[in-house]
Structures are given as C-alpha cells and as structure tokens.
1. As I understand it, the dipole of segment 1-72 uses +1 on the Cβ of Lys and Arg and -1 on the Cβ of Asp and Glu, about the Cα centre. Which of SER52, VAL63, GLY13 lies farthest toward its positive end?
2. What value, in deg cm²/dmol to 500, does the helix sum -39500 (n - 2.57) over DSSP H runs of n ≥ 4 give at 222 nm once divided by the residues of the chain?
3. Can you pull the percent of Cα pairs in segment 1-58 with separation above 17 Å?
4. Return the long-range amide H neighbours of VAL60 (sequence gap of 5 or more, or a different chain), with a cut-off of under 5 Å between placed amide H atoms.
5. Evaluate E = 1/(1 + (r/R0)^6) for ARG67 and ASP14, where r is the Cβ-Cβ distance and R0 equals 22 Å; express this FRET efficiency to the nearest 0.05.
6. Kindly work out what percent of the DSSP beta bridges joining two residues of the chain are antiparallel, to the nearest 5.
7. Taking the Cα centre of segment 1-61 as origin, sum charge times position over the Cβ atoms of Lys and Arg (+1) and Asp and Glu (-1), and report the length of that vector in debye to the nearest 20.
8. Would you mind checking which residues have amide H under 5 Å from ARG28's amide H? H placed 1.01 Å from N; only 5 or more apart, or other chain.
Amino acid sequence: MDLKLIQVEAHVGDFCADILAEEQTTGRKIIVENQLEMTDHNHLGQIITYASGYDAGVVVWVVKDVREEHRQAIDWLNNTRTTASSFT
C-alpha cells in the first residue's frame with residue numbers, strides 16, 4: 001500500500017484515532033490504532049468507532065497479543081462489511 005498520512009490523533013467526536021491515512025491509489029481511508037499489549041474490549045470499540053467515523057476501508061490494529069475472541073470479532077466485521085457493501 002502506498003499511504004499518505006492525513007492526521008495523527010484524528011478526532012471522532014470526543015475520541016482520537018492514533019493515525020488516519022489514505023491509500024493513494026484508491027483513496028480508501030486507513031485507521032491505525034496502536035495498543036502495545038494484549039487486545040481488549042475498549043480498543044476494539046475504539047477501532048470500530050474510528051472506522052465508522054471515517055468510513056475506513058482498512059483498519060490496522062497493532063498489538064502485542066490477540067485474544068481469540070477479538071480475532072473472531074475482527075474476522076466477522078471484515079466478512080460482514082464485504083458481504084454488506086461488496087467492498088474489496
């Protein structure tokens with residue numbers, strides 16, 4: 001991916017995504033959230049909020065360890081978005 005940084009600490013209401021970027025060839029919005037520990041529900045909720053706030057096509061969640069429940073949730077979101085909007 002060829003990314004262009006749009007903003008660091010990009011606001012969605014009272015919350016801030018760590019990084020908002022754009023894929024240069026497609027214009028898709030990309031959210032990057034750093035969590036340098038095991039995944040948790042708070043960050044899962046945050047990335048969903050950020051993704052919906054910017055209609056992001058890609059979310060990158062940087063973590064040390066992934067709980068299986070959170071991996072399943074992300075897989076479900078990826079499959080649901082693809083099915084619901086024919087987004088690839």
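The values are calculated or read from the model by the stated rules, or taken from the named source; none is laboratory data. Because the structure is predicted, anything quoted here is derived from the model rather than measured. Glycine gets a Cβ as well: all are built from the backbone with ideal geometry, and neighbour counts include every protein chain shown. Keep in mind that these areas ignore ligands, DNA and RNA; they rest on the heavy atoms of the full protein, side chains included. Shrake-Rupley method; radii C 1.70, N 1.55, O 1.52, S 1.80 Å.
1. Of the options given, the answer is SER52.
2. Details: 2 runs with 32 residues, N = 88.
After summing the helix terms and dividing by residue count, I get -12000 deg cm²/dmol.
3. Details: 555 of 1653 pairs.
For segment 1-58, the share of Cα pairs beyond 17 Å comes to 34 percent.
4. Answer set, sorted by chain and number: ILE31, VAL32, GLU33.
5. That pair, ARG67 with ASP14, gives E of 0.25.
6. Close to 65 percent.
7. In total the dipole reaches around 200 debye.
8. Answer set, sorted by chain and number: GLU23.
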